[in-house]
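Written below as structure tokens is the structure these notes are about.
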Amino acid sequence: MTVMEVTVNDTYKARVFEMIFSDKKELLTLYNAVSGTNYTDPNQLEINTLKNAIYMSMHNDVSFIIDSRLSLYEHQSTYSPNLPLRYLFYVADLYSSMTKDANLYGTKLIPVPAPKFLIFYNGKAPCPERRELRLSASFNVPDEEPSLELRATLLNINPGYNEELKKACKTLNDYSVYTARVRLYAETMKLEDAVNRAINECIQEGILAEFLSKNRAEAMKMSIYEYDEEKHMRQTREEGYEDGHESGYKDGLATGIKALVQTCQDLLLSKTKAEKIVRERFALSDEEAHNFIQKYWISGKK
């Protein structure tokens, strides 16, 4: 595969996914795999990835236009129900940039490319193979026919999930294998050693071999950053639950349990499984756990 050298922009933290699919040939292969198309000319792609979005210093991983369609791709190792809201910010910035010289107050309709939002997920938390996330889930008041909606499709690319998709895009499969090895080796080794081992093995086995060989230093740096970020977010969430229990204060306990119940729902766990997790995490009786589930379970939440 042809790989361009990648330099990390100092204004934000690049990610390995973004580094790999900044190459038009690789991005076109991924687009064909998820869209069922057969484009062959990478120059048909117009990459317009946001590097300095104004909202919370966020940037999207990869966005591009092909055949008058706008695609926004994100990689996530930590599930967040706020991705549709973030995508709304991204696409608003992109449309604003595309139409900056247009007469938005005129009588002539200004055409914009139709958007498609995809999330490639490879985190440790359980996740179905495919899941639709909706902006309307964020609304304070449920609306059966929301005036504003944004639908994003989350695809689980962990080993054992969406294998047909990964078969159609070898680089996506290779990325999945590489990140899974980093995570596996980091459980028993120093993180830097784990990343180094994963890189060496993958190069030897032809997994992202050319990319990792040409961009070894940056891939190493970004892999360590991504793993640390994922671990920090997971530990922060867990510590919040523990603090709520260990403080001994009813308010703190209730806050921790409420957050855990909502997380269980976000991960599509059943009430029974959520009740078991709450009971074990906070050392509650069956009745106490059941009562908290009844209190904090959000009916109708998807």
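Given the condition farther than 23 Å from Thr29 by Cα, part of a helix (DSSP H, G or I) and free of Cβ contacts under 8 Å to residues at least 24 places away in the same chain, answer yes or no: does some residue in the stretch 134-142 qualify? Yes, the stretch 134-142 contains a residue that is farther than 23 Å from Thr29 by Cα, part of a helix (DSSP H, G or I) and free of Cβ contacts under 8 Å to residues at least 24 places away in the same chain. Please determine whether any residue of the stretch 114-125 is open to solvent by less than 30 Å² (accessible area, probe 1.4 Å) and assigned to a loop (DSSP other than H, G, I, E, B). Scanning the stretch 114-125, I find at least one residue that is open to solvent by less than 30 Å² (accessible area, probe 1.4 Å) and assigned to a loop (DSSP other than H, G, I, E, B), so the answer is yes. At least 2 residues being more than 20 Å from Arg15 (Cβ to Cβ) is the threshold, and among the helices (runs of 4 or more DSSP H) wholly inside the stretch 146-239 those reaching it are 163-168, 191-205.
Residues in the stretch 201-218 that are of a type outside the set (Val, Ile, Thr), buried (at least 17 other Cβ atoms within 10 Å of the Cβ) and closer than 20 Å to Cys169 by Cα: Cys202, Leu208, Phe211, Leu212. Scanning the stretch 68-85 for residues that are under 29 Å from Asn173 (Cβ atoms) and in contact with a Ser or Thr (Cβ under 8 Å, 6 or more places away or on another chain) yields Leu70, Ser71, Leu72, Tyr73, Ser77, Pro81, Asn82, Pro84. Based on this model, can you work out whether Thr40 counts as farther than 24 Å from Pro111 by Cα and at pLDDT below 80? Answer is no for this residue.
Among the residues of the stretch 59-113, which ones are free of Cβ contacts under 8 Å to residues at least 12 places away in the same chain, open to solvent by 30 Å² or more (accessible area, probe 1.4 Å) and within 25 Å of the chain's Cα centre (by Cα)? Result: Ala92, Ser96. Can you pull out the residues in the stretch 114-154 that are within 14 Å of the chain's Cα centre (by Cα) and hydrophobic (A, V, I, L, M, F, W, C)? Matches in the stretch 114-154: Phe117, Leu118, Ile119, Phe120, Ala125, Cys127, Leu133, Ala152, Leu154. Looking at Thr255, Thr236, Thr263, just one residue is on the phi < 0 side of the Ramachandran plot, modelled with pLDDT under 90, surrounded by fewer than 14 Cβ atoms within 10 Å (Cβ to Cβ) and polar (S, T, N, Q), and that residue is Thr236.
Starting from residues that are open to solvent by 20 Å² or more (accessible area, probe 1.4 Å) and touching a helix residue (DSSP H, G or I) at 6+ places or on another chain (Cβ under 6 Å), keep the ones in the stretch 144-155 and report whichever is modelled with the lowest pLDDT. So, considering only residues that are open to solvent by 20 Å² or more (accessible area, probe 1.4 Å) and touching a helix residue (DSSP H, G or I) at 6+ places or on another chain (Cβ under 6 Å), the one modelled with the lowest pLDDT is Pro146.
The values are calculated or read from the model by the stated rules, or taken from the named source; none is laboratory data. Note that the structure is predicted; figures quoted are calculated from it, not measured. In this analysis, Cβ positions are derived from the backbone assuming ideal geometry, glycine residues included, and neighbour counts consider all displayed protein chains. All accessible areas refer to the heavy atoms of the entire protein, side chains included, with ligands and DNA or RNA removed. Shrake-Rupley method; radii C 1.70, N 1.55, O 1.52, S 1.80 Å.
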